[in-house]
1. Answer yes or no: is there a residue in the range 287-294 that is polar (S, T, N, Q) and either open to solvent by 30 Å² or more (accessible area, probe 1.4 Å) or on the phi > 0 side of the Ramachandran plot (or both).
2. Which number in (1) open to solvent by less than 10 Å² (accessible area, probe 1.4 Å); (2) more than 15 Å from Ala295 (Cα to Cα); (3) under 17 Å from the mean Cα position of the chain (by Cα) marks the one condition that Leu156 misses?
3. In the range 303-317, what count of residues is obtained for those that are out of contact with any Leu (no Cβ under 7 Å at 6 or more places or on another chain), part of a helix (DSSP H, G or I) and open to solvent by 50 Å² or more (accessible area, probe 1.4 Å)?
4. I need the full set of residues from the range 105-143 which are aliphatic (A, V, I, L, M), open to solvent by less than 60 Å² (accessible area, probe 1.4 Å) and outside any loop (DSSP other than H, G, I, E, B), in order please.
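The values are calculated or read from the model by the stated rules, or taken from the named source; none is laboratory data. None of these values were measured; they are calculated from a predicted model. Because the Cβ atoms are built from the backbone with ideal geometry, glycine has one as well, and the counts that use them run over all protein chains shown. Areas reflect the complete protein model, heavy atoms only, side chains present, ligands, DNA and RNA absent. Shrake-Rupley method; radii C 1.70, N 1.55, O 1.52, S 1.80 Å.
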Amino acid sequence: MTAGLPALLVVALSAAAICAALIVLLRPLLQRYALARPNARSSHKVPTPQGAGIAVIAATLLIGGGYAWTTGAAPPVLLLAATPLIALVGLVDDIRPIPVLPRLLLQAIAVGLVVLTAPGELRLVPPLPLALERALLLIAGLWFVNLVNFMDGLDLMTAAEAVPITAALTALGVFGLLPLSVTLIAAALCGALLGFAPFNRPVAKVFLGDVGSLPIGLLLGWCLLELAWRGHIAAALLLPLYYLADATLTLLRRMLRGEPFWAAHRTHFYQRATDNGFTVARVVSDVFALNLVLAALAGLSVALASWTADVVLLMLGAGAVAFALHRFARPRAMEASRRG
């Protein structure tokens, strides 16, 4: 079963309107109880309310999940349970930080509800024992949820990443390449993030908070996993490739330096870019443009359905990401002097 483009546009626009309305209603409460104050690791300069992710996730589940239920193509019940669970973990952490190990355990429970209960016939690497494959997916899912959280450190950054991904997933769903439940959640999340974007554009009036970034990571991870389960592994890697590269390389660099990699910091490539002279608007514009390129490469991968094409497209995507990371890590003054 598929949904037509007009219906999906209605889903996205409805989610955007509901998200925006909820942010307007919630903002005074967030201003009072969930204020993010600047510190040495922050990219913002003035205290800013966080927690708008409540509106993003509520709109996504209400519209995407609700429409899916009416069509008989509801998302997995445990996904609908795991999403508010991990959002609640993020909400508590926004207000009163949770120690690292209990936080990871709670996140792992939420990810496990989605990964470990999926039908056994959904496989990525059939030669592997099912239990081993699911254990590896649990670790990968936990990392993906956290990397989306780590990368939510700049105004509009999450929208610049997730809108192209969810729009691409919605387009694939229009052509019947994804289940209707995945397509509807992707369309609703895309719309909700568009509804959030005007409030988060530089200089942001409100932040997502962990209550938003963690469940967004869970929903995006589930959608991408569904794409990979249907034989489009290269496309599922290409779509989030910038986030995967920035977060993973930053983690490895911190571990090699013996730094406490679990502690908050501002050494991601996109954060180094602002320290190196890039404006926030330029960074998120570059990331958005890069993600459009990656979405186009993912679409080609699905259309060509060839291992040879997948290798070439992954190499092209990796090259585009490497170029962006190199630019972000290099001071603008050096770049200007080389052009001169």
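1. To start, the set of residues in the range 287-294 that are polar (S, T, N, Q) comprises 291.
If we keep only those that are either open to solvent by 30 Å² or more (accessible area, probe 1.4 Å) or on the phi > 0 side of the Ramachandran plot (or both) too, we end up with none.
Taking every residue of the range 287-294 in turn, none turns out to be polar (S, T, N, Q) and either open to solvent by 30 Å² or more (accessible area, probe 1.4 Å) or on the phi > 0 side of the Ramachandran plot (or both).
2. Result: Leu156 fails condition (1) only.
3. 7
4. So the first thing to find is which residues in the range 105-143 are aliphatic (A, V, I, L, M), and the list is 105-106, 108-111, 113-116, 118, 122, 124-125, 128, 130-132, 135-140, 142.
Still in the running and open to solvent by less than 60 Å² (accessible area, probe 1.4 Å): 108, 110-111, 113-115, 118, 122, 124, 128, 135, 137-138, 140, 142.
Selection gives Ala108, Ala110, Val111, Leu113, Val114, Val115, Ala135, Leu137, Leu138, Ala140, Leu142.
Yes/no matrix, rows are residues, columns are (1) outside any helix (DSSP H, G or I); (2) open to solvent by 30 Å² or more (accessible area, probe 1.4 Å); (3) modelled with pLDDT under 95:
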position: Trp222; (1), (2), (3): no, no, no
position: Leu237; (1), (2), (3): no, yes, no
position: Ala245; (1), (2), (3): no, no, no
position: Leu251; (1), (2), (3): no, yes, yes
position: Glu259; (1), (2), (3): yes, yes, yes
